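Worksheet for the structure shown next.
The values are calculated or read from the model by the stated rules, or taken from the named source; none is laboratory data. The shown structure was predicted, so the numbers you read here are calculated from the model rather than taken from an experiment. For neighbour counting, all protein chains shown are included, and Cβ atoms are generated from backbone atoms with ideal geometry for every residue, glycine included. Protein only, heavy atoms only, side chains kept; ligands, DNA and RNA dropped before computing areas. Shrake-Rupley method; radii C 1.70, N 1.55, O 1.52, S 1.80 Å.
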Amino acid sequence: MEDYQEKEQREETLIDPTLPFRQVLETLQLAGVALDDRPHHLLFVISYPEEGLVPRAAEFLDRAHDRAFGQQRSGGATVQRVAERTWQLIIGAHMALEPKVLEPMETVARRLAAMFGGTYEGWRDESWFAQRAAWTRAMELLTKTQGAA
């Protein structure tokens with residue numbers, strides 16, 4: 001069974017949205033994360049300063065998804081309060097770790113954040129196909145300040 005603190009730490013680790021996705025993939029591979037072609041369960045996190053903005057953003061996302069894909073449901077979205085004046089919309093999606101798939105999803109997250117006064121915080125992989133130690137090392141490498149790695 002997974003230790004609660006370890007799970008909590010993993011959930012707080014997001015891939016910086018300013019990093020080019022190709023650099024993220026290269027870092028994951030360099031750290032020993034075995035990337036395969038199975039769909040990964042990715043979470044995209046958007047923070048909003050007011051609680052009322054989150055349902056508006058989620059409703060817009062649902063309408064846009066329905067128009068694009070019909071009644072097929074996405075990976076879902078979750079709302080959570082993370083601080084006194086910060087609420088997060090967490091969008092789940094099953095997709096391959098490929099630029100042609102992930103980059104458009106990040107574009108959607110950025111636009112959804114901008115439309116409703118939020119901030120796109122980044123994404124994380126909840127699949128855990130990779131070894132835990134390799135993933136942890138990759139996160140350490142990705143969070144180093146420029147020039148420190």
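Before moving on, here are some points about what is shown:
- Of the residues making up the stretch 24-49, just one is touching a residue at least 24 places away in the same chain (Cβ under 8 Å), open to solvent by 50 Å² or more (accessible area, probe 1.4 Å) and assigned to a helix (DSSP H, G or I), namely LEU30.
- Odd one out for GLY52 among (1) at pLDDT 90 or above; (2) open to solvent by 40 Å² or more (accessible area, probe 1.4 Å): (1)
- Top-ranked residue of the stretch 55-71 - restricted to ones that are exposed (fewer than 13 other Cβ atoms within 10 Å of the Cβ) and part of a helix (DSSP H, G or I), ranked as modelled with the highest pLDDT: GLU59
- Condition check for ALA149: surrounded by fewer than 17 Cβ atoms within 10 Å (Cβ to Cβ), touching a helix residue (DSSP H, G or I) at 6+ places or on another chain (Cβ under 6 Å) and at pLDDT below 90: yes
- Cβ pairs under 7 Å, 6+ apart, first in the stretch 110-123 and within 10 Å of ALA57 (Cβ to Cβ) and open to solvent by less than 70 Å² (accessible area, probe 1.4 Å), second assigned to a strand (DSSP E or B) and among the β-branched types (Val, Ile, Thr): LEU112/ILE46; ALA113/ILE46; ALA113/THR119; GLY118/ILE46
- Within the stretch 12-23, residues that are over 15 Å from ALA138 (Cβ atoms) reach partners that are acidic (Asp, Glu) and surrounded by 13 or more Cβ atoms within 10 Å (Cβ to Cβ) with beta carbons closer than 9 Å, at six or more positions or on different chains, in the pairs PRO17/GLU106; PRO17/GLU121.
- Selection status of PRO17, assigned to a helix (DSSP H, G or I) and either modelled with pLDDT under 90 or out of contact with any His (no Cβ under 8 Å at 6 or more places or on another chain) (or both): no
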